[in-house]
Ligand SMILES: Cc1cc2nc3c(=O)[nH]c(=O)nc-3n(C[C@H](O)[C@H](O)[C@H](O)COP(=O)(O)OP(=O)(O)OC[C@H]3O[C@@H](n4cnc5c(N)ncnc54)[C@H](O)[C@@H]3O)c2cc1C
């Protein structure tokens with residue numbers, strides 16, 4: 001049995017950062033990773049960075065236009081550019097641990113064999129590892145529906161679809177959430193004919209109705225077909241494509257699909273994007289007394305301590321919000337608990353912004369008007385269409401809107417929807433305002449650069465009228 005001061009399962013966002021911090025504090029650390037294509041985790045290798053590189057290439061491709069052959073060539077070039085970017089990022093991540101004297105990178109699949117004891121299985125056999133402290137950063141895996149044909153080679157998840165070297169001319173996306181719509185927007189920009197099949201009555205189901213309708217309308221204007229209340233029943237392989245069989249439920253579905261109750265849709269590729277679950281099934285957590293929730297997430301307290309002493313969990317595997325910056329903040333919380341004063345917790349990290357990179361991007365923070373109302377706030381809202389913002393006109397992207405949700409009693413900003421150019425940046429400013437508990441009038445009255453998207457906050461918050 002090899003013994004370490006600390007062992008980390010997973011070379012992802014949180015695991016890499018923590019491994020480095022512990023080594024810098026003089027500890028002997030083992031970081032266990034099962035794939036040499038995953039140094040740096042999902043963000044670097046098959047999620048945030050590669051997909052956003054493709055989104056950017058897709059936008060440029062759409063702006064250039066041209067024949068489908070030219071679009072296909074640009075898609076191939078975009079995938080190669082993505083490959084180069086992530087290869088560099090992976091190497092940088094690898095080196096950031098490999099170059100530290102007290103870090104051992106242990107390749108193989110880790111599972112618990114007892115309290116703070118691991119078995120790491122690799123082609124070369126098994127290694128047994130124990131440590132004074134253990135940290136789990138095992139990420140998440142895509143959820144797959146159990147329908148006939150799901151194992152077709154033309155059915156993909158996000159990480160496998162971006163490996164496809166030729167543009168799928170007809171793409172069906174099952175799932176109308178953040179990932180599904182981001183891919184719909186991107187592949188449509190590359191020139192694919194895209195259909196989104198959404199199980200529920202609307203896309204972006206948890207979002208504000210006005211904003212999600214605006215996002216949907218903008219995608220439909222770009223010829224992306226969106227069919228709600230659709231249930232995929234079967235996928236059949238056919239020569240060079242598949243046939244997706246779906247059933248339409250309820251009247252909303254009829255509105256989307258005309259009079260059709262049964263759909264038969266051909267496609268070169270099908271993307272399943274119905275959500276992700278914590279990757280905890282094969283860790284043998286029971287052997288170490290580590291509890292899981294009913295949804296599979298590792299149960300943690302506000303310091304990210306698990307139910308077993310001296311074992312922490314970070315990132316997607318806890319079943320919390322699935323974002324790289326949340327995983328990174330989880331690292332900061334654990335570092336603070338282990339090496340600092342434990343002051344930083346999941347309770348005091350403030351509002352968490354998020355963004356889906358359709359275009360314009362759609363970012364959101366805090367509560368929707370409905371959520372705020374249900375939580376007992378006296379809610380005031382203001383909406384500003386992008387077409388009334390000079391900078392949006394300059395950027396030739398007048399689609400979209402900004403919507404603010406404010407507490408009438410305290411004048412605090414409770415939430416914000418930003419479906420507009422630069423939304424992924426603007427939302428971070430709103431986070432600071434919310435965390436600092438600044439009043440909405442601060443955004444109404446601040447002096448901002450012109451022309452800019454930020455200056456639109458003056459008009460948006462002025463539309464609320466004076467606080468009562
Ligand atoms: C298509 C897509 C786009 C996304 N875009 C964004 C975005 O734009 N912005 C954003 O913030 N978030 C985005 N996300 C989410 C983000 O990628 C994740 O939330 C983040 O990468 C999670 O990091 P993590 O540290 O929890 O785990 P990961 O980065 O997934 O790391 C887990 C690591 O553990 C390894 N591992 C797992 N089990 C074992 C085991 N038993 N033994 C050894 N090793 C193991 C894995 O191989 C992996 O390297 C996106 C996700 C997807 C799917």
| field | Value of [θ]222 nm, deg cm²/dmol, for the chain, DSSP H segments ≥ 4, -39500 (n - 2.57) each, nearest 500 | value | -10000 deg cm²/dmol
| field | For region 155-272, radius of gyration divided by Kirkwood radius, i.e. Rg to Rh on alpha-carbons | value | 0.95
| Two-site FRET efficiency, residue 390 against residue 325, from Cβ-Cβ distance with R₀ of 30 Å, rounded to 0.05 | 0.45
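Send over the Kirkwood Rh of the chain, from the inverse of the averaged 1/r over different Cα pairs, rounded to one decimal Å. Intermediate results must be reported in sequence, preceding the final value.
On the way: mean 1/r = 0.0417 Å⁻¹.
For the chain, the Kirkwood estimate is 24.0 Å.
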| message | For region 354-462, report the % of Cα-Cα distances exceeding 23 Å. | response | 21 percent
| Sorted from largest down, what three extents in whole angstroms do the Cα atoms of region 125-214 have along their principal axes? | 52, 35, 28
| remark: Quick note on 418, 219, ordering by fewest other C-beta atoms within 10 Å, gives 219, 418
| task | Run the quick spin-label model on residue 236 and residue 410: label points 7 Å from Cα toward the beta carbon, then report their separation in nm to one decimal. | result | 5.8 nm
| request: Quickly rank 406-416, 159-169, 121-131 as a protection proxy: mean count of other C-beta atoms within 10 Å, highest first. | output: 406-416, 159-169, 121-131
| task | Just the number, please: percent antiparallel of the DSSP beta bridges in region 155-272, rounded to the nearest 5. | result | 50 percent
| request: Mind giving me the nanometre distance, one decimal, between the label points for residue 286 and residue 126, set 7 Å out from Cα along Cα→Cβ? | output: 1.7 nm
| query | Got the relative contact order for the chain handy, in percent, Cα pairs under 8 Å and 6 or more residues apart? | reply | 13 percent
| If each residue's Cβ is checked for other Cβ atoms within 10 Å, how do 432, 226, 352 rank with the fewest at the top? | 432, 352, 226
| field | Potential lengthening between residue 249 and residue 436 on full extension [0.36 nm per residue; Cα-Cα distance subtracted] | value | 62.7 nm
| said: Taking the number of other C-beta atoms within 10 Å as the exposure measure, put 222, 154 in order starting with the fewest. | reply: 222, 154
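A short reminder: the numbers here are calculations on the coordinates, not readings from a lab. Quick caveat: nothing in here was measured; it's all calculated off a predicted structure. Every residue, glycine as well, gets a Cβ built from its backbone with ideal geometry; the counts of neighbours run over all protein chains shown.
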